[in-house]
Amino acid sequence: MKYFFGIVLLLLVSCGNKEDILLPKAGKTIVKDVVDLSPIYIFFRVKGKDTLAEVNRKNSIITTNWILNIDKRLPLRLVIPEVMKLQQRKREEKEHRNELALNYYSYADSIGKNLAFIPFTQVYYKMEKPKLINAIYFRKNNTIQVNDVKVAKSKLLEYLNKRFVENPTQFAFCFDKECSYGSYIQNMVFIETIILSENLIAIAKDQEYVY
């Protein structure tokens, strides 16, 4: 355990000013190893009564895999616009473009005691509520709503399979902009490990809404 937290601490304080970032925690590893990487940091800042997201990308190399280390306390309304800017910069690069270079969020696997990563290279974010009939909403109070129906997280897969078993349906994922980044990562790990294991449910993985 000491070795695990040592790795996390070294990663987070190696960006010049030796400042801490509180990483999100989840109970499963999606991706364990990433090589040829550039770390990018988004710090939690407070100025007066305002919360700010401060980006440090001075070590980012466009041809490498980008690892975004983001403080779990930040709300999505501050995090996602910064992520969108970083994505756009990499997508618009022409001269030094590397099609194999991916983007990952980092988090701590509290069960495996290791640093873990979840890819988001192909995700296109929209800062708006979707104009779709079928959507899964992750609310600020850690509740889930499928269209207009509240569903317990532990019952979500069961509900979807019963409700849509005869008519497989594509869903979009939507997140309350006031949700913390920490809860967002936990929900993304939940999505990857549970919902996407089912063939009955089609997921619009390339698009997420923050509203």
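Taking the criterion of being among the hydroxyl-bearing types (Ser, Thr, Tyr) and either assigned to a strand (DSSP E or B) or in contact with a Cys (Cβ under 9 Å, 6 or more places away or on another chain) (or both), the residues of segment 120-129 that qualify are TYR124, TYR125.
When we screen SER154, SER110, SER106 for residues that are loosely packed, with under 15 Cβ neighbours inside 10 Å, touching a residue at least 60 places away in the same chain (Cβ under 8 Å) and small (Gly, Ala, Ser), the only hit is SER110. Against the test of being of a type in the set (S, T, N, Q), part of a strand (DSSP E or B) and out of contact with any helix residue (DSSP H, G or I) (no Cβ under 8 Å at 6 or more places or on another chain), the options SER38, SER106 yield a single qualifying residue, SER38. Of all the numbered requirements in (1) under 16 Å from the mean Cα position of the chain (by Cα); (2) surrounded by 15 or more Cβ atoms within 10 Å (Cβ to Cβ), ASN142 misses one, and that requirement is (2). Given the conditions (1) in a helix (DSSP H, G or I); (2) farther than 21 Å from ILE21 by Cα, and given that GLU93 satisfies all but one, which numbered condition is not satisfied? Evaluating GLU93 over (1) in a helix (DSSP H, G or I); (2) farther than 21 Å from ILE21 by Cα leaves (1) as the failure.
LEU160 satisfies every condition listed in (1) surrounded by fewer than 16 Cβ atoms within 10 Å (Cβ to Cβ); (2) outside the structural domain of ALA53 (by TED's automatic domain parsing); (3) not hydroxyl-bearing (Ser, Thr, Tyr) except (1).
Considering only segment 48-59, how many residues are free of Cβ contacts under 8 Å to residues at least 24 places away in the same chain and either among the aromatic types (Phe, Trp, Tyr) or surrounded by 13 or more Cβ atoms within 10 Å (Cβ to Cβ) (or both)? Number of matching residues: 1. Reported count of residues in segment 134-152, each being at pLDDT 90 or above and at positive phi, is 1. Annotation note: of ILE194, ILE185, the sole residue that is surrounded by 14 or more Cβ atoms within 10 Å (Cβ to Cβ) and either of a type in the set (Lys, Arg) or out of contact with any strand residue (DSSP E or B) (no Cβ under 7 Å at 6 or more places or on another chain) (or both) is ILE194. Could you say whether any residue in segment 71-87 is free of Cβ contacts under 8 Å to residues at least 40 places away in the same chain, over 26 Å from ALA172 (Cα atoms) and not assigned by TED's automatic domain parsing to the domain that holds ASN142? There is no residue in segment 71-87 that is free of Cβ contacts under 8 Å to residues at least 40 places away in the same chain, over 26 Å from ALA172 (Cα atoms) and not assigned by TED's automatic domain parsing to the domain that holds ASN142. When LEU78 is tested against the conditions (1) touching a Cys at 6+ places or on another chain (Cβ under 9 Å); (2) of a type outside the set (S, T, N, Q); (3) crowded, with 17+ Cβ neighbours inside 10 Å, the lone failure is (1).
Residues checked against (1) farther than 30 Å from ARG89 by Cα; (2) assigned to a loop (DSSP other than H, G, I, E, B):
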residue: ILE118; (1), (2): no, no
residue: LYS131; (1), (2): no, yes
residue: ASN141; (1), (2): yes, yes
residue: SER154; (1), (2): yes, no
residue: GLU158; (1), (2): yes, no
residue: PHE173; (1), (2): no, no
residue: LYS177; (1), (2): no, yes
residue: SER183; (1), (2): no, no
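The values are calculated or read from the model by the stated rules, or taken from the named source; none is laboratory data. As the structure is a computational prediction, the values presented were derived from the model and not from experiment. Counting neighbours? That spans all protein chains shown, and the Cβs are built from the backbone with ideal geometry, glycine included.
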